[in-house]
1. Nearest-5 percent of antiparallel DSSP beta bridges in the range 2-98?
2. Taking square-rooted eigenvalues a ≥ b ≥ c of the alpha carbon gyration tensor, is the range 2-98 rounded, prolate or oblate, where a/c under 1.5 means rounded and, failing that, a/b exceeding b/c means prolate?
3. What's the magnitude of the charge dipole for the range 1-92 around its Cα centre, counting Lys and Arg as +1 and Asp and Glu as -1 at the beta-carbon? Answer in Debye, nearest 20.
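Nothing in this text is a laboratory measurement; each read-out follows from the coordinates by a stated rule. Quantities reported herein were computed from a predicted structural model and do not represent experimental measurements. Note that each Cβ is placed from the backbone with ideal geometry, even for glycine, and that neighbours are counted across all protein chains shown.
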Amino acid sequence: MRYTISGKHIDVGDALSTHVKSELGETIEKYSQRPTDATVTFSKDAHQFTCDSVVHLSTGLTVQARGAATDIYAAFEACREKMDKQLRRYKRRLKDHHTGNPQPVVFGEAGSYVLAADEDEWESDGNGLQPIIIAEMESRVPTLSVGDAVMQMELSGTPLLVFRNEKHGGVNVVHRREDGNVGWIDPRGNG
């Protein structure tokens, strides 16, 4: 597994890097035999250290976690424990994903845009106000089952996930609802 261990405005020494590689490697190997790379970033805000980690699995799934503490090692441990809990929750499905689905997740390309938040900055084109595009980027849209999409959303710690439904090829969305449940939007026309 390839590791990228860095710090934002702090020096990450060899001892911490070695600790991260051994502990994170052990955690990931318990649940997934084929991780490809891990990115761990440490930062400091006032008296608190933060550790952000992202692990890409060979199946195309991504696991993401964050931990914070007053000690840099404790911040990493908090992050590692969150990742361990996420992976433990989906252990059976991750193992089944390797055997039942030997091909990695397929990704399609899609445009992603950042729009101006303030309506005062929008343009008027005669048909009403149009938002101004601040940034244009490429995004990857995975082709997944609904269950795998929910698992990916939870593993990555995001509030929603746009995906292409592997059953019918349509674009779907799963999202975390305010009541704690997961919502699924499938805009296919029914008739």
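1. Values: 18 of 25 bridges.
Antiparallel: roughly 70 percent of the beta bridges in the range 2-98.
2. Working: a/c = 2.35, a/b = 1.87, b/c = 1.26.
Prolate shape, in that a/c is at least 1.5 and a/b is the bigger ratio.
3. Details: 14 positive and 12 negative charges, 113 e Å.
In total the dipole reaches around 540 debye.
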